[in-house]
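Working notes for the structure below.
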Protein chains: 2
Amino acid sequence: MSNKKIIIIGGSAAGPKAAARARRMDEFAEITVFQKSNELSMASCGYPYYVGGFFDDRNKLLCTPAGVVRDPVFYWNAKGIMAKNNTEVLKIVRENKTIEYKNLLTGETGTQQYDKLIIATGASANMPPVRGIDLKGITTLQSMQDADFLRKIRDERTIRKAIVIGGGLIGIETLEALHLAGIELTLVELLPQLLTFLDWDMAKLVENYLKTKTNVITKNGVAEFIGEYGNLVGVKLQNGIEIPCELAVVAIGVRPNVRLAKEAGIETGAAGGIKVNEYMQTNDPDIYAVGDCCEIKNLITGKNVLAPYGDLANLEGRVAGENAICGNVATFPGTIQTGICKIFDYAVGITGLSETKAKENGFDYEKVINASPDKPGFMNGKLLITKILADKKTGKILGAQCLGPGDVSKQIAIWAVAVKAGLTIDDMVNADLPYAPPFSLAIDHSIAGAHILQNKMRGFFNGISAMELKEKLERGDKMFILDTRGPDEYEQTRLGIGEHLIPLGALRKRLNELPEDKNAEIIAYCKISLRGYEAAVILKAQGYKNVKLLEGGISAWLYNKEK
Amino acid sequence: MSNKKIIIIGGSAAGPKAAARARRMDEFAEITVFQKSNELSMASCGYPYYVGGFFDDRNKLLCTPAGVVRDPVFYWNAKGIMAKNNTEVLKIVRENKTIEYKNLLTGETGTQQYDKLIIATGASANMPPVRGIDLKGITTLQSMQDADFLRKIRDERTIRKAIVIGGGLIGIETLEALHLAGIELTLVELLPQLLTFLDWDMAKLVENYLKTKTNVITKNGVAEFIGEYGNLVGVKLQNGIEIPCELAVVAIGVRPNVRLAKEAGIETGAAGGIKVNEYMQTNDPDIYAVGDCCEIKNLITGKNVLAPYGDLANLEGRVAGENAICGNVATFPGTIQTGICKIFDYAVGITGLSETKAKENGFDYEKVINASPDKPGFMNGKLLITKILADKKTGKILGAQCLGPGDVSKQIAIWAVAVKAGLTIDDMVNADLPYAPPFSLAIDHSIAGAHILQNKMRGFFNGISAMELKEKLERGDKMFILDTRGPDEYEQTRLGIGEHLIPLGALRKRLNELPEDKNAEIIAYCKISLRGYEAAVILKAQGYKNVKLLEGGISAWLYNKEK
């Protein structure tokens, strides 16, 4: 029997992982990776941090941890994998199981046979279809060349004003990178919110923070790029405003590269990616597909989604690499679409469903917002704001969004394991997490969130979100708004929405200051709404029938404050 | 109907939480907390950090996040809870549901009735039964007074040499605190290892690190405290060695305070704590017990254990507080004994079973050690070493231990949720965790660990631990030891155990340097044993039948290195 022939199209993330796993499964298989660009196995998620100056050695994006550049020589010596870089695959000929390729440097063409083929063609950046898109000074941050271009701008300090188009993950990472390069920045987002995988209220908190660093414009797109002598000098927005800038980075999402697959009759799905089963196998049993070019199953909704994340690309590649050699033994069940993003001194992340997605998919959910620190005050604890969703009937956790200067990464990791495991809020209420003051509160932020949501689901309090309260205020609803903090806290900062200050410790003695009508609507809060909760409980016990707790308190207030 | 009378004995952690929860369940219940000491609801886990100078304001240990000291006035005003501090409960009289108490300041005594009683009497520090134990200069770090005493020593800089007796969590936290105070320290542990909840090999890695900061002596106890004029001047160890010191901190564990309960006929269990059911209820249906005075169920072994952790105390208190008011509606199912400890720039944690515990309890387990960074090199990733255990038949994760300068807290949190949820290693292989370079590798350290353990359980490689290899070396076993790193890495550091250096990239061309006998025992490794793994796979494919991978590579090597 001759050696197995494995061809992998794509050498960025999923492709090399598939190749490496295939090699470990079969030392004698003939494995070839075709890669259009010069670089192989780039740490492309690291580009913004290279541009931002978190490190200076470009090679770190291209090297093994031991410091060896992952070039074709490395692949051949260390892994016995033939890596053909600068080589484009032009065609998949399924009838005779070959691919046709062309070396982009030499123009040389050829065909090569496969027993199993793995497609890892990735995704391409969307570009706005407007005038001036070809001007010098407009780029994406998708390739090593893009990273080099932007890093040069950082190092040379020639540019004073730039615009980032698109408020998604890459847009915001790029924004931070260029801000650190001393450039004055404007972020433009077409939709009413940044980071559309978040709910509007959570995205608004991100936006509020981001505005302390750069200009942010939402609900506005680019109408035209304005040039002079072929160079970008400004951007005209859809509302007519012109913003002068010498650099524009476009980050309005990516679309899966499926042309090659489609031309060969490989099926794509409703989300626009290559369709695969849980073995990462396409409709052709000899062809697998992995990474950003695929669509995969969302494990909560059961629907296929595009999930162009570097971690999933690696996990998918590992599965396809094994199956290409061993037959379908390994599975990749799908995603809960966990993601995280650093934003200056904040981080923001999500796992599972947002409220928007839960609604879209017909879930009957309860939700809560929890604002509390990650660690004790004496250990310099930092604020976290988490929104948690659970199914009303089963109690199953549907998703969590978390942001703030605190340890968001641990919170999202906790919820990600819980969501994937199908845990309920009741399970999380007594979670046994690692506690010591340098790492968490005695009741970890995640567990506190579970407590609050459980309390709410058991009817111990009625919650109201900042958004809902704002709407009521704008409608002019009559309410008694109760701030339960101390006078000194009130002097420092306050909402200024007509609230009455009665510190929790004085509430039992000052009940006479509350409305006589026990049906009056009362909104209670404090800094994070723990004292607010206790106040709501007291008032309920006093017969007030319509007490609501402002969830997350002042910490999660999205709007302008009086002070 | 008159108001419910709830009495809580103990006002440190579990007690106040039970009281607060009871209050929120019933605004009109009469709730009294008896506390022997002056302070209430102290952040006692924070004492070492106050002593160590992480913060200077003592009040932070006693205040709410809003800065109000939790004294009886606060408890009455904010929570409507009567807190009787400096008051000892002398007797529980179950027959007429009363307790007898004595004010330790005024000598005043009294009795008080309860409908429901919650015992939260905590635990007391063990003291070695040796001569000189009453000398001045010997303390524990259990109370606010202890913390004040040690903090004063820090501030006055009067002490030059100190000894910490006991290498558990509190011993090591105290060690760090006093080291930061500029004191020359020796840690003495009676057992052959520190942190006995860890396996010996993991504890040895901690010990190796700790020895870069202070003196560490294991397998040796205190025989006598030596005094002059009533003051401690040294410690004599069991092996006869005398260590001069002016301060000794005893941290050899705690025992549950069960006298009061036992005298009232409340049952205690085999582990020595008060026995409770999942409602935290004792054998008397009107009496609950919570916190360090109880024993609770280990959810993996089903056996009762003492688990004196601050986080569990709070969760247990919450359950008992609710049940005391509402009847048995809330449950605390038990613990997986998750713990974590800061050790200078390292952290170390565990969740679930150690290998020692798994063996003791008759589990048929597989285990692996994974050494790899928490983040990419270009984001200043730091090493983590994790030991993971899974049940051989079911694949269920039994436990994980993690240490190093990397983000241990997140790792242990991930495994803690996985263990509690009953996830298998196969579940963790495709975990969907938050990935971005500032927070993790594309394949998170936990997922990489699951990959390695899955590979091992599927028979893809045979592992050998540093301990096992050391034993073989000491026995003089004939082996071919293969270091697969690069020559420059070899120049920097190497084991010096007779290894041959053949870099992975050259291995396929230098197979002739390996033993001719395909049955020869070969041990492969690299820095973290990823390249070592690939080498092992190559050699297996070449027909070598007895190839082993040194798990964790050089990073997890416990013993002296040549270089």
Over all distinct Cα pairs, what is the inverse of the mean 1/r for chain B, reported as the Kirkwood hydrodynamic radius in Å? 26.0 Å
I need the GluC sites (Glu not before Pro) found in region B:463-557, filtered to DSSP loop residues with at most 12 other beta carbons within 10 Å of theirs. B:GLU516
Computed about the Cα centre, the charge dipole of chain A from +1 Lys/Arg and -1 Asp/Glu charges at the Cβ has a magnitude in debye, to the nearest 20, of 460 debye
Once you sort the root eigenvalues of the Cα gyration tensor of the protein assembly as shown as a ≥ b ≥ c, which label holds: rounded (a/c under 1.5), prolate (a/b larger than b/c) or oblate (the other case)? oblate
Partner chain Cβ atoms within 10 Å, averaged over the residues of A:421-432 - can you pull that number for me? 6
Distance (nanometres) between label positions extended 7 Å along Cα→Cβ at A:LYS392 and B:ASN126: 5.4 nm
Quick check: the distance between the Cα centres of region B:406-432 and region A:534-563, to the nearest angstrom? 36 Å
Roughly how crowded by other chains is peptide B:161-174, in terms of the mean Cβ count from those chains within 10 Å of each of its Cβ atoms? 0
For region A:60-147, listing GluC sites (Glu not before Pro) in a DSSP loop whose Cβ sees at most 15 other Cβ atoms within 10 Å gives A:GLU108
Give the range of the longest stretch in chain B that excludes all chymotrypsin sites (Phe, Trp or Tyr not before Pro) found in loop regions by DSSP and having at most 15 other beta-carbon atoms within 10 Å. B:230-558
Here the net charge surrounding B:LEU104, from other residues whose Cβ is less than 10 Å away from its Cβ (Lys, Arg +1; Asp, Glu -1), is 0
Hey, quick one: spin label on A:GLU95, modelled 7 Å out along Cα-Cβ, who in region A:109-125 has an amide N within reach, i.e. under 18 Å? A:111-114
Suppose you put the label 7 Å out from Cα in the Cβ direction; list, shortest first and in nm with one decimal, how far B:LEU104 is from each other copy's label. 7.6
Relative to the other copies, what are the label-point distances for A:GLU263, with labels 7 Å from Cα along the C-beta vector, expressed in nm at one decimal and sorted shortest first? 8.9
With a Förster distance of 56 angstrom and the Cβ-Cβ distance between B:ASP517 and A:GLU471, calculated FRET efficiency to the nearest 0.05 equals 0.10
For A:GLN492, which inter-copy label distances result when the label point lies 7 Å beyond Cα on the Cα-to-Cβ vector, reported in nm to one decimal and in ascending order? 4.6
Applying 1/(1 + (r/R0)^6) with R0 = 56 Å to the Cβ-Cβ distance of A:ASP134 and B:MET457, what FRET efficiency is obtained, to the nearest 0.05? 0.55
Roughly how many debye, to the nearest 20, is the charge dipole of region A:138-252 about its Cα centre, given +1 on each Lys and Arg Cβ, -1 on each Asp and Glu Cβ, and no other charges? 200 debye
Helix-only estimate, please: 222 nm mean residue ellipticity of chain B, summing -39500 (n - 2.57) across DSSP H runs of length 4 or more and dividing by its residues, to the nearest 500. -7500 deg cm²/dmol
What number, in percent, do you get for the relative contact order of region A:339-457 if the mean sequence gap of Cα pairs under 8 Å and at least 6 apart is divided by its residue count? 28 percent
To the nearest µm²/s, what D does Stokes-Einstein give for region B:42-112 at 10 °C and 1.306 mPa s, using the Kirkwood radius over alpha carbon pairs as Rh? 109 µm²/s
What net charge do the residues around A:LEU398 carry, taking every other residue with its C-beta under 15 Å from that of A:LEU398, with Lys and Arg at +1 and Asp and Glu at -1? +1
For helix A:466-475, what angle does its Cα long axis make with the longest principal axis of chain A, in degrees from 0 to 90 and rounded to 10? 60 degrees
Give me the one-decimal nm value for the distance between modelled label points at A:TRP76 and B:GLU228, 7 Å along each residue's Cα-to-Cβ direction. 7.6 nm
Three principal axis extents, largest first, for the C-alpha atoms of region B:365-500, in Å? 44, 39, 22
Can you tell me the length gained on complete extension of the stretch B:ASP56 to B:CYS326, counting 0.36 nm per residue apart and subtracting the Cα distance? 93.0 nm
Quick one: compute the contact order of chain A, relative version, from alpha carbon pairs under 8 angstrom and 6+ residues apart, as a percent. 11 percent
I'd like the distance between the alpha-carbon centres of region B:466-530 and region A:467-526, rounded to an integer number of Å. 71 Å
Hand me the trypsin sites (Lys or Arg not before Pro) from region A:135-197 located in a DSSP loop with no more than 12 other Cβ atoms within 10 Å, in residue order please. A:ARG157, A:ARG160
To the nearest Å, what is the center-to-center distance of region A:48-122 and region B:67-126, using C-alpha atoms only? 72 Å
Please report, largest first and rounded to whole Å, the three semi-axes of the ellipsoid equivalent to region A:138-252, where each semi-axis is the square root of five times an eigenvalue of the C-alpha gyration tensor. 22, 17, 12
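Read-outs: derived from the displayed coordinates by stated rules, not from any lab. These figures come from a predicted structure and were not determined experimentally. So basically every Cβ, Gly included, is an ideal-geometry build from the backbone, and we count neighbours across all protein chains shown.
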